[in-house]
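The values are calculated or read from the model by the stated rules, or taken from the named source; none is laboratory data. Model, not experiment: these values are computed from the prediction. Cβ placement follows ideal geometry from the backbone for every residue including glycine, while neighbour counts extend to all protein chains displayed.
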Amino acid sequence: MSELSVNHLLGIKYLNKEDIKLIFETADHFKEVINRPIKKVPSLRDITIANLFFENSTRTKLSFELAQKRLSADVINFSSAQSSVKKGETLIDTVNNILSMKVDMVVMRHPNPGAGVFLSKHVSASIVNAGDGAHEHPTQALLDSYSIREKLGNVKGKKVVIVGDILHSRVALSNIFALQLQGAEVMVCGPKTLIPKYIDKLGVKVETNLRKALNWCDVANMLRVQNERMDISYFPTTREYTQQFGVNKALLDSLDKEITIMHPGPINRGVEITSDVADSSQSIILDQVQNGVAVRMAVIYLLASKIKQ
């Protein structure tokens, strides 16, 4: 298969197994490119991409921008804090104004679930969802799976536990879809208050004891506690959360086997994981960051090749 089955990347749930395989093979190629002395390829010289961020983001935005520049695309950055959105302009108007500048692709992060899907029905550009509320974050899930594949050789048959704030996490949902599509077993672990009610309907295991979860898994993906999305208190104190669901080196060393630690970032050091875990040889957090650029290059390149047809 040489092209994606979709014209947009709105969520993992719209992709199939072959799409993921193609994205990863393309990312392998781009990973070589970004490790060369000259890190640029002229692949997208005639493509213009607008980055629309209606929510704060540092890592995802930088990663997308770098990916676009490595492919030689023209890039426009838009952040809603400095825009007419503050004056009441609608999403469609904002985007149409940008599209009238002849933009081919829009990378968008938005606080409302489904914003990317809504947009894809109303504008002609290719849409990449860079996170929509607590719904999906497809490129993060792709780079997470890609990093597992790189470290362990394959995602199929691996046991992955996602630990922490599952309820507010778009990373968790996209990861569950992506991992299951590739044949991994998935478990979620966290305080009962932070695990969605019907999550077992997605075919994932649920565990509230961290040590049991870690002894079960090959890979632990530690999520950040998203204080900014919590309107009520879901656990008594951060200290208590850390005592029950934080990973430190002593806990890692006491397990029956060596597991791989991941984190989508930004890390609250000392809350989800301690510094000696984040910086240990079992952690692939910095590989995830590097792989994020290669995977996003692959996604943009594959979608752009469908625009050019």
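Residue selection: V219 fails the criterion of being under 30 Å from D93 (Cβ atoms) and over 15 Å from the mean Cα position of the chain (by Cα). If we scan the stretch 290-306, do we find a residue that is assigned to a loop (DSSP other than H, G, I, E, B), under 30 Å from E18 (Cα atoms) and out of contact with any Phe, Trp or Tyr (no Cβ under 7 Å at 6 or more places or on another chain)? Within the stretch 290-306, not a single residue is assigned to a loop (DSSP other than H, G, I, E, B), under 30 Å from E18 (Cα atoms) and out of contact with any Phe, Trp or Tyr (no Cβ under 7 Å at 6 or more places or on another chain). Does L286 count as part of a helix (DSSP H, G or I) and in contact (Cβ under 8 Å) with a residue 12 or more places away in the chain? Criteria not met by L286. Filtered by the rule that a residue be in contact with a His (Cβ under 6 Å, 6 or more places away or on another chain) and over 25 Å from E258 (Cα atoms), the stretch 149-198 gives R170, S174.
Residue-by-condition table, conditions (1) at pLDDT below 95; (2) over 20 Å from the mean Cα position of the chain (by Cα); (3) hydroxyl-bearing (S, T, Y); (4) buried (at least 19 other Cβ atoms within 10 Å of the Cβ):
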position: L9; (1), (2), (3), (4): no, no, no, yes
position: K17; (1), (2), (3), (4): no, no, no, no
position: I20; (1), (2), (3), (4): no, no, no, yes
position: I23; (1), (2), (3), (4): no, no, no, yes
position: P37; (1), (2), (3), (4): yes, yes, no, no
position: I49; (1), (2), (3), (4): no, no, no, yes
position: A73; (1), (2), (3), (4): no, yes, no, yes
position: S79; (1), (2), (3), (4): yes, no, yes, no
position: Q82; (1), (2), (3), (4): yes, yes, no, no
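Taking the stretch 279-301 as the range and being surrounded by 21 or more Cβ atoms within 10 Å (Cβ to Cβ) and either modelled with pLDDT under 95 or among the charged types (D, E, K, R) (or both) as the test, only R296 passes. Taking the criterion of being of a type outside the set (A, V, I, L, M, F, W, C), in contact with a Ser or Thr (Cβ under 9 Å, 6 or more places away or on another chain) and either crowded, with 17+ Cβ neighbours inside 10 Å or assigned to a helix (DSSP H, G or I) (or both), the residues of the stretch 243-264 that qualify are Q244, G246, K249, T260, H263, P264.
Would you mind stating whether D218 is farther than 21 Å from A141 by Cβ and either of a type outside the set (A, V, I, L, M, F, W, C) or modelled with pLDDT of 95 or more (or both)? Here the answer is no, as D218 does not meet what is asked. Within the stretch 176-193, residues that are closer than 19 Å to N215 by Cα and not assigned by TED's automatic domain parsing to the domain that holds D19 reach partners that are in a loop (DSSP other than H, G, I, E, B) and among the charged types (D, E, K, R) with beta carbons closer than 6 Å, at six or more positions or on different chains, in the pairs A184/K158.
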